[in-house]
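K.L.:
Below is the structure I would like to discuss, written out as structure tokens.
The values are calculated or read from the model by the stated rules, or taken from the named source; none is laboratory data. In this text the structure is predicted, and so the values were computed from the model without any measurement. Virtual Cβ from ideal backbone geometry, glycine too; neighbours counted across all protein chains shown. Protein only, heavy atoms only, side chains kept; ligands, DNA and RNA dropped before computing areas. Shrake-Rupley method; radii C 1.70, N 1.55, O 1.52, S 1.80 Å.
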Amino acid sequence: MFNKEKVEALKSLLATTKKIVVTAHKNPDGDALGSSLAWMRYLSKLGHSVEYISPNDYPDYYKWLPIVGQTIVFEKAKEYAKGILHSADIIFSLDYNSLSRMEELGEVVKNTKAIKVMIDHHLFPDDYANIMFSHSEASSTGEMIYDMIVALGDQDKIDAEIAELLYTAILTDTGSFAYSCTTSHVHEVVSVLLTKGANPDKINNKVYNCFTESRLRFLGFCVAEKMKIIEGTQIAYIGVSEEELRRFNIQDGETEGIASYPLKIAEIQACAFFREKDKKIRISFRSKVDFDVNVLARQHFNGGGHKNAAGAASNDTLENTLLKFVSIFKQ
Ligand SMILES: [Mn+2]
């Protein structure tokens, strides 16, 4: 998968002890957390001093992940994090390819003198990294981290914790090994992770059977009361206001998974989930097989992502954003 010269360049960078910071995108998901923490643990085993700095906090339902408690949350400790970033030799970008995905933390990273290394699987990377591993054909950054550890000749350094972290990353980004990115190689990687000690039963329960009662009731509310199908199309959407999120006591990250629910209807080919937060609208697009929501997100909402899963944001009101979305398909 990887360019040999770039792997050699990374290998020689890591040949002497370094101060390293691992970063991943805002609102970290299973892949951002799993790949970052696995990479941090691996680099620590090589003898480097490593920190993982996240732009904001991770959801409560990822509290059980190995070493997640060591995460430095930029929003909560800006000055401390800045000190670490400015003394870092290497900063890794994991699971994002544009510094804007980290907002203010991205600005800080941009202005450090550290060598920047990107390991990511999103389309259209920005050109800021000194060494760039950008593979949109990879299922997840977790898969890439596995392949990178192997490429560096260190498969034996994958222990039960790293296996658990990488399994979580791959599980969540492949939609439980269901999306089109689930190649035979993904299954080969996961097979090794199981022999190294990842427990699928335990991890699946932790990741998917972890709702609060109000979160499940909110999901029911979204499907029963808020889901709309655009007449004459195979497109559905759900839009929820800040007031509705508050009414059900929904925390950041707890809306994960709702976006793709309308796809359970046989006829529906694409859908979008809109949620209001701090006067902004966050949008998640999901689709089946050939419907390209990456193009949709880019052309109409200045967002992006993958063919079957993309995101965007809008500064307009929820009502206007929904009208705009509907109007795209009325033409
Ligand atoms: Mn990912």
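K.L.:
Any idea which residue in region 249-268 is farthest from LYS63 (Cα to Cα), counting only those that are surrounded by 19 or more Cβ atoms within 10 Å (Cβ to Cβ) and over 20 Å from the mean Cα position of the chain (by Cα)?
P.N.:
Ranking the candidates gives ILE268 first.
K.L.:
Go through TYR61, TYR42, TYR80, TYR52 for me and flag whichever is open to solvent by 10 Å² or more (accessible area, probe 1.4 Å) and touching a residue at least 12 places away in the same chain (Cβ under 8 Å). Reasoning before the result, please.
P.N.:
Values: TYR42 fails: open to solvent by 10 Å² or more (accessible area, probe 1.4 Å); TYR80 fails: touching a residue at least 12 places away in the same chain (Cβ under 8 Å); TYR52 fails: open to solvent by 10 Å² or more (accessible area, probe 1.4 Å).
Exactly one of TYR61, TYR42, TYR80, TYR52 is open to solvent by 10 Å² or more (accessible area, probe 1.4 Å) and touching a residue at least 12 places away in the same chain (Cβ under 8 Å), namely TYR61.
K.L.:
For region 98-126, give me each residue that is touching a Ser or Thr at 6+ places or on another chain (Cβ under 6 Å) and open to solvent by 10 Å² or more (accessible area, probe 1.4 Å).
P.N.:
LEU123, PRO125, ASP126
K.L.:
Could you pull out the residue among ASP278, ASP252 that is acidic (Asp, Glu) and at positive phi? Reasoning before the result, please.
P.N.:
On the way: ASP252 fails: at positive phi.
From the options ASP278, ASP252, the qualifying one is ASP278.
K.L.:
Among helices (runs of 4 or more DSSP H) lying entirely in region 175-222, which contain 2 or more residues that are surrounded by 14 or more Cβ atoms within 10 Å (Cβ to Cβ) and touching a helix residue (DSSP H, G or I) at 6+ places or on another chain (Cβ under 7 Å)?
P.N.:
Numbers: elements: 184-195, 200-208, 213-221.
The qualifying helices (runs of 4 or more DSSP H) are 184-195, 200-208.
K.L.:
So how many residues does region 17-39 have that are surrounded by fewer than 23 Cβ atoms within 10 Å (Cβ to Cβ) and in contact (Cβ under 8 Å) with a residue 60 or more places away in the chain?
P.N.:
So the first thing to find is which residues in region 17-39 are surrounded by fewer than 23 Cβ atoms within 10 Å (Cβ to Cβ), and the list is 17-19, 26-27, 29.
Those still in the list that are in contact (Cβ under 8 Å) with a residue 60 or more places away in the chain too: 18-19, 26-27, 29.
So the answer is 5.
K.L.:
Then there's this: Give region 64-77 a look and list any residue that's of a type outside the set (Ser, Thr, Tyr) and open to solvent by less than 60 Å² (accessible area, probe 1.4 Å), or say none. Walk me through how you get there before you give the answer.
P.N.:
First, pick out the residues of region 64-77 that are of a type outside the set (Ser, Thr, Tyr): 64-70, 72-77.
Hits for region 64-77 are TRP64, LEU65, PRO66, ILE67, VAL68, ILE72, VAL73, PHE74, ALA77.
K.L.:
In this structure, is SER93 touching a strand residue (DSSP E or B) at 6+ places or on another chain (Cβ under 7 Å) and closer than 24 Å to LEU171 by Cα? Spell out how you get there, then give the answer.
P.N.:
Values: touching a strand residue (DSSP E or B) at 6+ places or on another chain (Cβ under 7 Å): yes; closer than 24 Å to LEU171 by Cα: yes.
Answer is yes for this residue.
K.L.:
Taking region 31-47 as the search range and keeping residues that are among the aliphatic types (A, V, I, L, M) and part of a helix (DSSP H, G or I), which one is farthest from the ligand (Cβ to nearest atom)? Quick ask: steps written out before the conclusion?
P.N.:
Let us first name the residues in region 31-47 that are among the aliphatic types (A, V, I, L, M), namely 32-33, 37-38, 40, 43, 46.
Okay, now just the ones that are also part of a helix (DSSP H, G or I), so 32-33, 37-38, 40, 43.
Working: ALA32: 7, LEU33: 10, LEU37: 14, ALA38: 13, MET40: 16, LEU43: 19 Å.
Among them, the one singled out is LEU43.
K.L.:
Still on this structure, I have one more. Within region 5-28, identify whether any single residue is within 16 Å of the ligand (Cβ to nearest atom), in contact with a Gly (Cβ under 7 Å, 6 or more places away or on another chain) and either under 16 Å from TYR146 (Cα atoms) or not polar (S, T, N, Q) (or both), and answer yes or no. Lay out the reasoning, then the answer.
P.N.:
Taking region 5-28 as the starting set, the residues that turn out to be within 16 Å of the ligand (Cβ to nearest atom) are 22-28.
Next cut, in contact with a Gly (Cβ under 7 Å, 6 or more places away or on another chain) only: 27.
Okay, now just the ones that are also either under 16 Å from TYR146 (Cα atoms) or not polar (S, T, N, Q) (or both), so none.
The answer is no, given that none of the residues of region 5-28 is within 16 Å of the ligand (Cβ to nearest atom), in contact with a Gly (Cβ under 7 Å, 6 or more places away or on another chain) and either under 16 Å from TYR146 (Cα atoms) or not polar (S, T, N, Q) (or both).
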